[in-house]
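J.: Input: one structure, supplied below.
The values are calculated or read from the model by the stated rules, or taken from the named source; none is laboratory data. If you're wondering where the values come from, they're calculated on a predicted model, not measured in any experiment. Virtual Cβ from ideal backbone geometry, glycine too; neighbours counted across all protein chains shown.
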Ligand SMILES: N[C@@H](CCC(=O)N[C@@H](CS)C(=O)NCC(=O)O)C(=O)O
């Protein structure tokens, strides 16, 4: 049985849950409560010293990195393959997966500069310092610290939104003459990028595509209409947290002149 260590609202975890649901594969859930800092518990650090989810355990194999996990799970059952058969399309799918590192960094920035910022500002300075110090990746810790201090004014925020705008342009261009990123059917490429679009929507930035790209908007509606989307997200969704995320995003972005041109 596949064991997945994952976070309820975590974008990378949603990516893996989407693939599991698309393939209707059985899996054992090990939920890690990220807001309370469970990723820093020694038991979890033994599985992933980098202190992030998702982590997949399959027998003796421990896998980190959501795009790699997604491809691995897909390959376990060729009968329900999401990876295209064509070699060129496989390479193009892996490019989407590799670019996810950039999308993750971007949505992480947009979330920490808005919703997570509000949560961290509600803590005492000592608690915040302890949280930053516990992060194994100190580059990331410094970025989060800057986002908490400066919010929408942080230079990380403008770069992040520019990158997400570029992702939308790339998705839209890929849909030229075809309904799905890899041709005429839903594929692993969709499963890889969906969670980042979803998070962008959750922080109130759906205008990035809704006001610019009807083709991408239609594609995203079709992605969301699939049973996998509901199954991968709804059972884990913390509605009050999602409402707070949307409100924090709107407060941060919609009232800031730096973001007006994107919305
Ligand atoms: N590149 C990694 C990124 C993993 C990652 O950063 N996961 C986030 C949740 S989406 C996490 O666990 N964050 C822990 C934290 O913020 O302390 C992947 O795609 O799996």
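J.: In this structure, does residue 187 turn out to be at pLDDT 95 or above and in contact with a strand residue (DSSP E or B) (Cβ under 9 Å, 6 or more places away or on another chain)?
T.: Working: at pLDDT 95 or above: yes; in contact with a strand residue (DSSP E or B) (Cβ under 9 Å, 6 or more places away or on another chain): yes.
Yes, satisfied.
J.: Moving on. For residue 202, all conditions in the list (1) free of Cβ contacts under 8 Å to residues at least 12 places away in the same chain; (2) under 15 Å from the mean Cα position of the chain (by Cα) hold save one; what is the number of the exception?
T.: Tallying (1) free of Cβ contacts under 8 Å to residues at least 12 places away in the same chain; (2) under 15 Å from the mean Cα position of the chain (by Cα), residue 202 fails exactly one: (1).
J.: Also, I was wondering about something else. Select from the range 1-41 the residues that are part of a helix (DSSP H, G or I) and more than 10 Å from the ligand (Cβ to nearest atom) and write down the one among them that is nearest to residue 53 (Cα to Cα).
T.: 17
J.: What helices (runs of 4 or more DSSP H), lying completely within the range 124-211, carry at least 1 residues that are farther than 15 Å from residue 259 by Cβ?
T.: Fully inside the range 124-211 and qualifying: 125-134, 138-150, 155-174, 188-202.
J.: For residues that are exposed (fewer than 10 other Cβ atoms within 10 Å of the Cβ) and either under 23 Å from the mean Cα position of the chain (by Cα) or part of a helix (DSSP H, G or I) (or both), tally how many sit in the range 74-90.
T.: The number of residues fulfilling the criteria is 4.
J.: Out of all the residues in the range 43-75, which are over 24 Å from residue 93 (Cβ atoms) and either assigned by TED's automatic domain parsing to the domain that holds residue 138 or more than 9 Å from the ligand (Cβ to nearest atom) (or both)?
T.: Those that are over 24 Å from residue 93 (Cβ atoms) and either assigned by TED's automatic domain parsing to the domain that holds residue 138 or more than 9 Å from the ligand (Cβ to nearest atom) (or both): 43, 44, 45, 46, 47, 49, 57, 59, 60.
J.: Test residue 157 against the criterion of being under 19 Å from residue 113 (Cβ atoms) and outside the structural domain of residue 44 (by TED's automatic domain parsing), and give yes or no.
T.: yes
J.: Looking at the structure I just gave you, is residue 84 farther than 20 Å from residue 245 by Cβ and in contact with a helix residue (DSSP H, G or I) (Cβ under 7 Å, 6 or more places away or on another chain)?
T.: yes
J.: Can you tell me how many residues within the range 42-52 are in a loop (DSSP other than H, G, I, E, B) and over 18 Å from residue 116 (Cβ atoms)?
T.: Counting residues in the range 42-52 that are in a loop (DSSP other than H, G, I, E, B) and over 18 Å from residue 116 (Cβ atoms) gives 3.
J.: Limited to the range 225-241, what total is found for residues that are in contact (Cβ under 8 Å) with a residue 24 or more places away in the chain and part of a helix (DSSP H, G or I)? Give the derivation first.
T.: To start, the set of residues in the range 225-241 that are in contact (Cβ under 8 Å) with a residue 24 or more places away in the chain comprises 226-229, 231-233, 236-238, 241.
In the following step, the residues that additionally are part of a helix (DSSP H, G or I) were identified as 227-229, 231-233, 236, 241.
Going through the range 225-241 one residue at a time, the tally reaches 8.
J.: Moving to a separate point now. Can you go through 97, 113 and tell me which one is within 12 Å of the ligand (Cβ to nearest atom) and in the same structural domain as residue 253 (by TED's automatic domain parsing)?
T.: 97
J.: Across the range 136-162, what is the number of residues that are crowded, with 19+ Cβ neighbours inside 10 Å, under 17 Å from the mean Cα position of the chain (by Cα) and either farther than 30 Å from residue 219 by Cα or within 16 Å of the ligand (Cβ to nearest atom) (or both)?
T.: Qualifying residue count for the region: 2.
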